[in-house]
Structure formats: structure tokens, C-alpha cells
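Undergrad: Below: one structure in C-alpha cells.
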């Protein structure tokens with residue numbers, strides 16, 4: 001993703017802003033009243049369950065909002081997971097921004113962007129996994145999103161953890177069937193392929209991680225690449241991940257049995273073509289998101305500011321975000 005200069009230029013016209021705060025990265029986008037997209041800033045992840053410095057990450061971005069910002073919308077990982085954290089997130093934003101703002105979860109914001117208010121189910125697979133569905137008439141439901149201890153099946157973290165579990169089972173001999181996975185995965189991680197040395201290096205790698213969940217989730221890209229290369233153990237892991245994401249869609253559909261729910265996607269794990277095709281086998285081709293997650297925030301902020309929002313406006317914002325490299 002291409003991100004612009006780390007300093008926002010002053011805006012002399014009314015503008016709106018959106019923040020998309022996930023476990024791996026946090027994006028701030030500013031949109032002028034004339035439809036021009038201001039610089040887009042990127043910070044570290046701001047999920048309070050993963051990042052101890054999440055408040056500083058948000059405060060740094062909020063401090064760079066133009067003084068002419070008429071409304072702000074935020075989609076934050078972890079929002080409303082607990083009352084205490086939700087209140088802390090509200091306080092951080094309220095102390096830094098005096099204008100009208102709204103906060104929802106990052107997946108709800110992604111769903112708003114993907115369907116622009118129409119019915120559908122948005123499956124987000126990044127560091128964690130969760131789905132958000134709406135019937136287009138005000139009904140909403142969240143599926144998954146239980147975190148790495150209880151859930152996150154089909155997420156980057158889940159894929160990475162399953163791959164590490166397979167690696168360790170190959171190291172100590174519990175797995176005798178998937179030897180083809182060992183050397184390519186170890187090599188891609190930068191580990192030696194001699195088993196005793198690999199085990200020692202693996203523990204050293206883990207012991208030095210500053211952000212274990214994000215680092216383990218990053219291994220999903222390796223698994224996806226190996227699956228694309230035809231390595232069967234990796235393909236099996238990716239098929240299992242796709243099956244878990246399909247279960248999210250099916251659970252959402254049971255909540256709205258009278259409404260057809262097309263599905264769409266968000267999150268870095270869906271950069272894997274193998275994963276997306278695995279879900280499409282059971283649920284058909286996904287709907288391309290009308291707006292990326294941060295675009296859902298801009299849509300909500302525009303409505304909060306009282307701007308006229310129609311299909312033409314959504315299309316202009318979509319083009320501007322796509323030109324900036326902010327596509328799902």
C-alpha cells in the first residue's frame with residue numbers, strides 16, 4: 001500500500017475524516033468537501049487487546065486532523081468488546097477532537113463501506129476474523145470476533161498458528177505425513193532446516209517477538225504462497241481456513257433467513273487468492289466492496305456532517321481511494 005507524506009497539509013475548506021484501526025495498522029483518511037482526498041496517514045495497529053500503546057497511536061493520528069474537520073468516524077478493533085475499553089476509546093477521541101464523531105467496530109465500518117447500507121455479510125479476515133451482517137433494514141449481527149484465545153478461526157493468526165503447530169509436530173515426530181511442508185516453511189521463516197537447530201531458532205524467534213499475534217498472523221502469507229505453489233499441507237490449511245470463514249457466512253444467513261445476503265470481504269488475509277476462491281466454492285463469487293473499510297468511515301462521517309450522499313458521491317470517493325491505493 002502506498003501511503004503519502006506523514007504530515008497532513010492544512011485544509012482551508014470543510015472536510016471530514018475517518019480512522020480505520022485494526023490489529024496490524026491504523027489508517028487516517030481526510031476528504032474535502034470538493035471530493036478531494038487529503039493525505040492518508042498510516043500508524044501501527046491500535047487494537048487494545050494486541051497493542052499496549054494503542055492510545056498513543058490514536059492520539060498521534062488525531063493530533064494531525066485539519067482544524068476544518070466537520071465530522072469524524074472511527075472503526076476501531078476491540079470497540080465495545082468490554083465496557084471499560086469502549087469507554088477508554090471514547091475518552092481518547094473525545095479529548096483530542098471537539099467536533100461530532102462516531103465510533104463503531106472496525107468490521108461494522110468495513111460492512112458499511114462494502115454495501116453502502118444495503119443487505120449483505122462482510123467477512124473480515126486479518127490478524128483476527130469476524131463477520132458483520134445487515135439486512136438493509138436496520139437489523140445487524142456480529143459473528144465471530146472472539147479473539148485468539150476463543151476463536152479467530154480462518155484469520156491470519158489462526159493460519160499462522162496452525163502452521164507453527166504443524167512445524168513443531170514435524171520437528172518432534174508427531175506428524176509423519178507432511179514432511180513436504182517442513183523445509184519450505186522453515187526456509188521462508190528464515191529458520192535452519194536441520195531439525196534440532198530449527199527448534200532452537202524457532203523458540204528464539206518467538207522469544208524476541210514484540211507483538212506475537214501480529215507476527216504469527218504475518219506467517220499466513222507464507223502459507224498462502226506455498227499453497228499457490230501447490231504444496232498440499234499448505235493447501236489443506238488454507239482450505240480449512242476458508243471453511244471456517246464459510247461458517248461465519250452461514251451463521252449470519254441463519255439470523256436473517258428471509259433476506260438474501262451477498263458476501264464481501266476485507267482484511268489482509270483475503271489477499272490470498274486461494275482463500276477467496278475457497279469461500280467462493282461454497283457461497284459464490286463475492287461482491288466487490290463499493291468502498292474499502294476506511295471509505296465506510298468517510299461515508300458515515302459525511303452523513304454525520306450533513307453532506308449530501310448519493311451513488312455519484314460514493315463512486316467519486318471510491319475512485320479517489322482506489323487511486324490512493326486504498327482498496328480491499
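Undergrad: Give me 150, 256 ranked fewest to most by other Cβ atoms within 10 Å of their Cβ, as a rough exposure proxy.
TA: 150, 256
Undergrad: Going by average Cβ density within 10 Å per residue, which order do the peptides 281-287, 165-171 take, highest to lowest?
TA: Result, highest mean Cβ count within 10 Å first: 165-171, 281-287.
Undergrad: Hey, of (1) 1.00; (2) 1.14; (3) 1.05, which did the structure itself give for Rg/Rh (Cα atoms, Kirkwood Rh) when calculated?
TA: (1)
Undergrad: If you count the DSSP beta bridges with both ends in the chain, what percent of them are antiparallel, to the nearest 5?
TA: 60
Undergrad: Between the stretch 246-280 and the stretch 22-53, what is the separation of their alpha carbon centroids in Å?
TA: 25
Undergrad: Would you mind calculating the relative contact order of the chain from Cα pairs under 8 angstrom and at least 6 residues apart, reporting the percent as a whole number?
TA: The normalised contact order for the chain reaches 21 percent.
Undergrad: Same structure again: Can you give the relative contact order of the stretch 118-287 as a percent, counting alpha carbon pairs under 8 Å and 6+ residues apart?
TA: Reported as a whole number, the value is 32 percent.
Undergrad: Sticking with this one: Where does the stretch 118-287 land on the Kirkwood hydrodynamic radius, alpha-carbon pairs, in angstrom?
TA: Its Kirkwood hydrodynamic radius stands at 16.7 Å.
Undergrad: Per the helix-only calculation at 222 nm, which mean residue ellipticity applies to the chain, given -39500 (n - 2.57) for every DSSP H run of n ≥ 4 and division by its residues, nearest 500 deg cm²/dmol?
TA: The helix contribution divided over the chain gives -15000 deg cm²/dmol.
Undergrad: Please rank 90, 238, fewest neighbouring Cβ atoms within 10 Å first, as an exposure proxy.
TA: 90, 238
Undergrad: Hey, fewest Cβ within 10 Å first, where do 229, 178 land in order?
TA: Going from least to most buried by this count: 229, 178.
FYI, it's all coordinate maths here, none of it is from the lab. Treat the numbers as computed from the prediction; the structure is a model and nothing was measured. Every residue, glycine among them, receives a Cβ derived from its backbone with ideal geometry; neighbour counts consider all protein chains shown.
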